[in-house]
Amino acid sequence: MIDTHAHIDTEAFAEDIEEVIERAKAAGVEHIIIPAIEPNGYDNLIGLVEKYEMIYFGIGVHPHSADKFDDEVEQRIREIAKHPKCVAIGEIGLDYYYNELSAPDVQKRVFRRQIEIAKELELPIIVHNRDSDDDLIAVLGEYQDGNLRAVLHCFSDSTELLKKALDLGFNVSFTGNITFKKSEHSEVIELVPLDRFMIETDSPYMAPVPNRGKRNEPSYVKEIAKKISEVKNMSYDKIIEQSTKNAKNFFKLLMVLMSIALVTQSAYAQDDYRYKDGSIDEEGEYLEKAPYPKFIGIGGFVGTNTIVEGQTFIEDSNIPEKNISYEGITSFGGTVTYGGLADYLIIQLGYAYSKNTKVQEESPGALPNIHQLIELSSLWIPNPHNKINVFGAIGPSFIMNSINGVDNSQIGLNTGVGFIFNIPIKGAGLLNLAAEWRLNFELKANEREVEVQPNPVVTTKIDSKNFYSIPRLNIIFYPDF
Ligand SMILES: [Zn+2]
């Protein structure tokens, strides 16, 4: 069941709100809706709403406090109404019994303004009425164009007013006064259709029998359902089921739940500071700030280079193209990385050095070949908020070769795939271990001479194009600044 109207944000509950909430839950209350009364109470109200999952709220200025409504308050109401748990504009209305608190004309102006806000924000209104039936229904009727949703709370008025309210498409909610012995509300209760009423306590006021005269609280809301079931001669369960359904529809609670889920989800997505699985590092701090590097990191790597030289014979077309490969050549180097552009992107500048001494096994007396690769890479990370990031790399390379002492340089392309393991080090920074497989292609051929017959020595010209395949292990450190 849902207590659709309880002022448990007031002084009366300051001492024992925790127990009140527990008793409500124990009594089977699913949700409590707290309508705001006046601006001084908004902060406390929001505090409760954010502390207790079961509480939703309405925002507005009660007719008793209509004097306090001004442009600034209106701005606050509009701001607060964006809260995902705000389900209505309320409590608003007219109270001519206590007309010394705010003059009727002020009340009417403030009531109208708040109805306009509600319509604009597409929120329903929670309406208070005391001794103001005619003006109240006239104002509401003026604004009903089919889009105004209103509940006349604590309904204890005439069947005439009920009929008018029902005709305008409004709902009513019943509270403790229907349980009082002297109650003359039976006719109203009998008359109201099953899909147009809700139940409420109006805590701390209006405690139902058998607690009449005491402080009211949400756990007593079941007494209201009991009384309605007696008058309507229906089962208590049916009344609970129906009033709960009506409240959920009226306040669009399912939509609110969904939007809360969405807001939580998007807040989570915006939170760059935590791994996707919700865990943070053991020290509990570092990853709150950086799930993976967003700043400058420096590193080094070591790997094995397989160099394949593609040779095309220029002068002697009878010699077929061939590939000569050298395997297991050590490659090492360093990197500078920057992760500040986007979560899924790391920019890396790398330098790799390989010295191929294997050529001397085949051509004694030859100088070792030196290959220096300068790679500018973009590392793309589809899962940046995981502990282990997968990445694909691509970018241009500048390749400097010294082949048997003759220098040539080349523009190339580097590409690769790998994993990054994030290891936070508290107070120092973030350590990345990356295992990857990087390829470098030379895009254009270099012309050079090779010996085709060692004895006697005959040389011929070839176009040479190298390809480098380097599985490598990187260590990158992103220091804390
Ligand atoms: Zn109220």
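For beta carbons closer than 7 Å, sequence separation of 6+ or different chains, a first residue in region 456-481 that is under 20 Å from THR312 (Cβ atoms) and a second that is of a type outside the set (Asp, Glu) and outside any strand (DSSP E or B), the qualifying pairs are LYS461/ILE314; ILE462/ILE314; ASP463/ILE314; ASP463/ALA445; SER464/ALA445; LYS465/ALA445.
The rows are residues; the columns are (1) assigned to a helix (DSSP H, G or I); (2) within 29 Å of the chain's Cα centre (by Cα).
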position: GLU19; (1), (2): yes, no
position: LYS25; (1), (2): yes, yes
position: GLY28; (1), (2): no, no
position: ILE34; (1), (2): no, yes
position: GLY47; (1), (2): yes, yes
position: GLU53; (1), (2): no, yes
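Remark: pairs (first residue in region 35-51, touching a residue at least 60 places away in the same chain (Cβ under 8 Å); second residue assigned to a helix (DSSP H, G or I) and β-branched (Val, Ile, Thr); Cβ separation under 9 Å; 6+ apart in sequence or on different chains) are absent. Looking across region 1-28 at every residue that is away from the ligand (no atom under 16 Å from the Cβ) and surrounded by 22 or more Cβ atoms within 10 Å (Cβ to Cβ), the one that is nearest to LYS248 (Cα to Cα) is identified as MET1. Can you find even one residue in region 334-346 that is closer than 20 Å to VAL406 by Cα and modelled with pLDDT of 90 or more? No; the residues of region 334-346 include none that is closer than 20 Å to VAL406 by Cα and modelled with pLDDT of 90 or more.
Looking at GLY93, GLY41, GLY58, can you tell me which residue is part of a strand (DSSP E or B), farther than 20 Å from LEU257 by Cα, in the same structural domain as TYR220 (by TED's automatic domain parsing) and within 16 Å of the ligand (Cβ to nearest atom)?
Details: GLY41 fails: part of a strand (DSSP E or B); GLY58 fails: farther than 20 Å from LEU257 by Cα.
Just one listed residue meets the conditions, GLY93.
Where strands (runs of 3 or more DSSP E) sit wholly within region 396-481, those with at least 3 residues that are more than 25 Å from ILE307 (Cα to Cα) occupy 406-425, 429-442, 458-479.
The values are calculated or read from the model by the stated rules, or taken from the named source; none is laboratory data. Fair warning: this is a prediction, and the values are worked out from it, not measured in the lab. Neighbour counts are summed over all protein chains in view; Cβ atoms, including those assigned to glycine, are modelled from backbone coordinates with ideal geometry.
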